[in-house]
Structures are given as C-alpha cells and as structure tokens.
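None of the figures in this text is laboratory data; all of them are computed from the coordinates on show. All values derive from a computational prediction rather than experimental measurement.
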C-alpha cells in the first residue's frame, strides 16, 4: 500500500516512529515528524497540542507543535478552542481513540456553527480528527489532523494509522521529559514525575549502570527491589531476572517500530512483600539518539507508597496493554464485578472476556485476583503538589 507520495505505508510507519523518537532528544524536529504524517496521509495540517484547563474549563495552550500554517489563524484557534463543536467531548475522550468532527457532529450543526464560518471555511478546510495522547484532569495532549476541502473523508484506515502512532508519541514525550525537565514539554508530566520519588538509571544493553540519580542510588543501596552487582543492575528477586533482562534487551536492540504499544514493564516483588515497577524506556537507534550512548535505555522505578491510583497510560505501559485493556485492569483492581465493568466502560460481556483473556496472556497473570494485586502494586507515591505550581520555560 502506498501513500500520497508513493511511499509504502510500512516504510512510512517505520520511518515516522523513528522520527518521533528523535523528537524526544531534539524537540525542534517535531515539525519534520508531523510533516511526514501530513504528506503521506494527504492532510492539510497536523499538530501536537498540549492544553491546560483552569477551574472553569478555560483552555490555556502550553505547547503547540505543528506543520507549516498561518500563525495568525493558529493563534485564533488556540484562543477559541472551546468554540469548536464537540471539543469538550474530544478533550475528555479516551486515550488513543481518534474522534472525527464530522462523525460526531451532524453536518448541518457543524457547518452552521460560528467556528465553521469564522475558522474552517475561510481556510478551505473540511474535517478534523483529534487523538488524545495524554489525559489528565486539567490537561490534554492531542494529535490533531485537519483535512482540506475536496479530500476524501477520513477513513478507518486513516484512524488505524493515527492509533498506531499514539503510543510512540506518548513515549517520546516521556523520554523527553526524563532527559530535560527544563523543556516546555516537561509540563505534561509535571503531575506524574515532578511530584514522584522516582529513581532513574541510565543503562546499556548489558545492564551496566552508566548513571543513577540520587534516589536510584538509595534504591540500589536498599537492595529490596533492584541491586547493583559489578556495575550492573538486576532484580533482587532471581525469579524476575529473565523478565527484566528481556525488557532491557527489547528496549536497547529492537527496532523502533517493533516496540508497538509494548511498554517494557516489569513488576519487582521483594521478600518483605513490597513491590516496585520498573519502566524501561528505549532511546532507540537513530544517529541522534545514539549520541546519548549506543544501545542505551532509561529505567524509571515506581514504588508504591499510598492509595493514589495509577493513570491508564502507566498501567498500559507497565503491563504492555492497550488503553482499553488498561481501563479493564483498573476496574478489576477497584474490585468491580463483571456487570459493573461492562456498564462503566460501555462494553459487551464478550468484549470484556476478550480483553481479560488478552490481559492475562500479555501479563502472565493467571486470574482477576492476581491482576488486581499487580495493578494495585503500581499505585503512585505522589508528593504533595504545590497549590500554584510554576513551570520553567
């Protein structure tokens, strides 16, 4: 299958995923990565937008990355997002689930809106698809794609391509945040990372420790979950050594496109009954990321400390699940029964059974009890957030 410019779709996916991970190291490359998506999918504009919302749901853009477009029109869009028909539903939509305006809003309603009259029609645009990549109660990161008048309708194949890219966009954002908290993109994970006691280690493909932050040094000294032996890191519990080694191997040797939605997650039980979760992040194999060290990976360790529930993205990443499967896992961990889960998530009994079978297969967990216990081990150790946090630009 070929895209607009004669590029095979499989090559497009491979090259685009690699370009996305390059943006984690050099955020100035985001426009080039988004241009690749725009050109091959025959889109008018593609953007990656991070928007914060205040107590009365007023949006405030934190980050706007996109393909070339008139900045005055983009400014008007960012200042009037709440006037876009269906935007509130989009902004609260499930992670990794694309939402198409013309599928959500009746044609007469959409084309009769002031937003269409004042923003869409003058630029000869036709339709938009928004894919939430990160969701927080007061913050949303979205991949936005606009089509031009005369372009065919956004198809299911288009949506499949965008869904396939979403986990890589999210992972690139997280890697970028770990590499440089000073960047604007670090705002996205301020609630998740800046207020967590998270040990972070940089390791090579053999597990050799290249760098460990102070919290990680204390973790290794404690020795309950991970230990350092002859300069290499491994789980203290020998049962989990093979799983950790496999996570490191995949993160440091697999091609970018082979990562798919798999999150390199390993649960690390200790002899005292406590548990931690190691999240192994790939740096990849492009020239830019190899400058950080060939075959490098970052290991972030989450240790449970209170009852703060893990977000969908973290459960999905650590257990290698899709967003839909992660929501099922969280519901099981909350003690919900079958009827409660199907009603809460709006799915059928057969869909729930399929999700559970896939979750057990991916995670290696035998039943709901074990699944609930594993998810509850991932509860996050949040530090109290400042009442009015400030961010460096």
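Rg over Rh of the range 2-98, using C-alpha atoms and the Kirkwood radius, what does it come to?
On the Cα set of the range 2-98, Rg over Rh gives 1.01.
For the range 47-124, build the convex hull from the C-alpha positions and give me its volume per residue in Å³. Can you show the working numbers first?
Numbers: hull volume 8.6 nm³, N = 78.
Cα convex hull per residue, to the nearest whole number: 110 Å³.
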- Message: Is the C-alpha gyration tensor of the range 9-188 telling us rounded, prolate or oblate? Criteria: a/c under 1.5 is rounded; beyond that, a/b larger than b/c is prolate, otherwise oblate.
- Response: oblate
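Obtain the radius of gyration and the Kirkwood radius of the range 65-107 from its C-alpha atoms and give Rg over Rh. Walk me through the intermediate numbers first.
Numbers: Rg = 12.1 Å, Rh = 12.0 Å.
We get a ratio of 1.01 for the range 65-107.
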- Message: What value in Å³ per residue do you get for the convex hull of the alpha-carbon atoms in the range 311-377?
- Response: 73
